[in-house]
Amino acid sequence: MELKKTSLNEVHKKLGGKLVDFAGWELPIQFEGIKEEHLAVRERAGLFDVSHMGEITIEGLEALKFVDYLVANDASIMNNNQVMYTFMCNEKGGVVDDLLVYKYSNEKILLVVNASNIEKDYRWIEEKSQNFNVVPKNISKDVSQIAIQGPKAQEILQKITTIDLNEIKFFTFNSKVLLSGVECLVSRTGYTGEDGFEIYLSNDKAASIVEELLNVGGEDLSPIGLGARDTLRFEAGLPLYGNELREDVTPLESGLGFFVKLEAGDFIGKNILVAQKKDGLKRRTAGFKLIGKGIARGGYKVIADGKEIGAVTTGYQLPGKKESIGLALIDIEYAKLGTYIQIEVRKKLVDAEIISKKFLEKKYKK
């Protein structure tokens, strides 16, 4: 099957990106190298092609009411031009997808979903919207998305717009920002733990904006591939669908209960999550560091007291760090800080210790 291409495919080739198959899309895994790109975002700024992500609009008289029922966070209290992180849960409390909700108004909302889940999510949304006065529309094919992240992100983006970017606060957006004369939606959001922006625009304008940004950014702005995107989000303690989040794992088990508002109105899967909180969790996602040598990869078994207690969801030795760290979904009694466990790395048991999942102090501009 032929891979789907984003509007920036030719730009990636021109910049020397190493292209791979990611969720059916041809995307760059790296340009200069994962370590160099990771550190570029932490120290200066990086530019990401995230056009493979999905965009679904919900319009109609009951748009806000429907989205509030669809997701686990409390959409009813959102202001216009606010962004919210949340989950769509299934009837068993498992995660259909994690997503961003952009509220234009009570009658128009944009949902930004994961690339690998676009079709599945859209079917789910269509099915659940039957009893509401709304029209869902999958506009993913018409929209490109670019992210600029890092301590110099605002300074660089400011060079191609007349709007004062300080006016776009953390987790808010402006849908009518002119970047080099092109109207874009710009939000102060991202997936790296750094300050930065995500830009939504029409496909035919994306390449010129990327080239313009790389030009004005100079040595301070580097193109970033999927490899560093994953190490950055992991270091920032942000989950990845398919790893920390799945249909058979609840947001509470993933340690993301902050984004679930059980005291708010009704939503799909709420009764299961309420019961789970009341009865107490049986397993939870925990951070760990290896004491012995090796790197714990996703799927590796976690052992304690001679028995299997769970599995690694993500593991890395991060660029610029000596320790090998990871996240694992494990039995709750072993998830306390300071508990010693073992990870089966290439058929050998390697000692590890449970640590905080806050591997990085986030640098968001609140």
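Every number in this text was worked out from the coordinates using simple rules, so none of it is lab data. None of these values were measured; they are calculated from a predicted model. Cβ: placed from backbone, ideal geometry, glycine included. Neighbour counts: every protein chain shown.
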For residue 357, other-chain or 5+-apart residues with amide H closer than 5 Å (H placed, Pro excluded) are 287
Restricting to Cα pairs under 8 Å and 6 or more apart, the percent relative contact order of region 282-366 works out to 36
For residue 139 and residue 322, extending 7 Å from Cα along the Cα-Cβ vector and measuring point to point gives, in nm, a value of 5.1
With Rg and the Kirkwood Rh both taken from Cα atoms, where does Rg over Rh land for the chain? 0.97
Show that you can apply the helix-only estimate: for the chain, add -39,500 (n - 2.57) for every DSSP H stretch of four or more residues, divide by all residues, and state [θ] at 222 nm to the nearest 500. -6000 deg cm²/dmol
Expressed in nanometres to one decimal, the distance between label points 7 Å along Cα→Cβ at residue 360 and residue 167 is 3.0
Under 5 Å between amide H atoms, partner at least 5 residues away or on a different chain: which partners does residue 261 have, H built in plane at 1.01 Å? 73, 74
Filter the GluC sites (Glu not before Pro) in region 1-42 down to the DSSP loop ones having no more than 15 other Cβ atoms within 10 Å, then list what survives. 2
Treating the beta-carbon of each Lys and Arg as +1 and of each Asp and Glu as -1, no other charges, what is the dipole magnitude of the chain about its Cα centre, to the nearest 20 debye? 980
Kirkwood hydrodynamic radius (Cα pairs, Å) of region 282-366? 12.8
Taking amide H positions as placed in the peptide plane 1.01 Å from N, state which residues far from residue 345 in sequence (5 or more) or on other chains have amide H under 5 Å from it. 350
Mean Cβ-within-10 Å packing, highest first, puts peptides 286-294, 47-55, 107-115, 174-182 in the order 47-55, 107-115, 286-294, 174-182
